[in-house]
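The structure under discussion appears below in the form of structure tokens.
The values are calculated or read from the model by the stated rules, or taken from the named source; none is laboratory data. For clarity, every value in this text was computed on a predicted model and none was experimentally measured. Note that each Cβ is placed from the backbone with ideal geometry, even for glycine, and that neighbours are counted across all protein chains shown.
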Amino acid sequence: MRKIILASQSPRRKQLLEWAEVPFEVVVRHTDESYPETLAVEDIAVHIARNKALAVKAHIKAADNLHWHDHPILAADTIVVLNGAVIGKPADRNDALDILSRLSGQEHRVITGVVILEQENEIAFSDTTTVRFHELTNEQIEFYVDKYKPYDKAGAYAIQEWIGVIGIKQVNGDFYNVMGLPVSRVVQALKQH
């Protein structure tokens, strides 16, 4: 498989691509992660991923680095949706505690939007996984937040960490999507190029 450009600093996305043995190099640009209020929940993650990919594409073009022009750019964004409301990354400890308290005992959706740009072609899709937590105690939530500090994670948790191991009752869909990238679907899309 050809080397790709990963437009993400996420350690989890890097790890998943390494596990899939997809060669990549990370190139990131700061991107505004806001979105139009009128956008359907299912389209938000793709919108943000597209902005990330386009920012990296513009950077490569401006740098006139011919070495990268022939490589696909992969960008992704993950959001958590509870009862129709988007839950982003927690602002601080109290926000993380509040988010996990709301997710406790509830079912929520994890939506990852993926955009692959190659020259003038774009592949864009989203993948949705449904996750249900057991009822979590305040002590469990505080322990997790204080030890793992999930401030860079949508929904204030990582499924592969302690909270996922002890707290998740059910997962319907792609487990790796919850980690941040539906990697098998990405690999299939890259093969199409």
* Give region 1-23 a look and list any residue that's at pLDDT below 95, part of a helix (DSSP H, G or I) and buried (at least 16 other Cβ atoms within 10 Å of the Cβ), or say none. => Arg12
* Could you pull out the residue among Ala53, Ala58, Ala62, Ala76 that is touching a strand residue (DSSP E or B) at 6+ places or on another chain (Cβ under 7 Å) and either free of Cβ contacts under 8 Å to residues at least 40 places away in the same chain or assigned to a helix (DSSP H, G or I) (or both)? => Ala53
* Could you look through region 112-134, keep only residues that are over 19 Å from the mean Cα position of the chain (by Cα) and over 18 Å from Val80 (Cα atoms), and pick out the one that is surrounded by the fewest Cβ atoms within 10 Å (Cβ to Cβ)? => Glu120
* When region 160-189 is examined, which residues are found to be within 10 Å of Val131 (Cβ to Cβ), among the hydrophobic types (A, V, I, L, M, F, W, C) and either in a strand (DSSP E or B) or in contact with a helix residue (DSSP H, G or I) (Cβ under 7 Å, 6 or more places away or on another chain) (or both)? -> Ile168, Val171
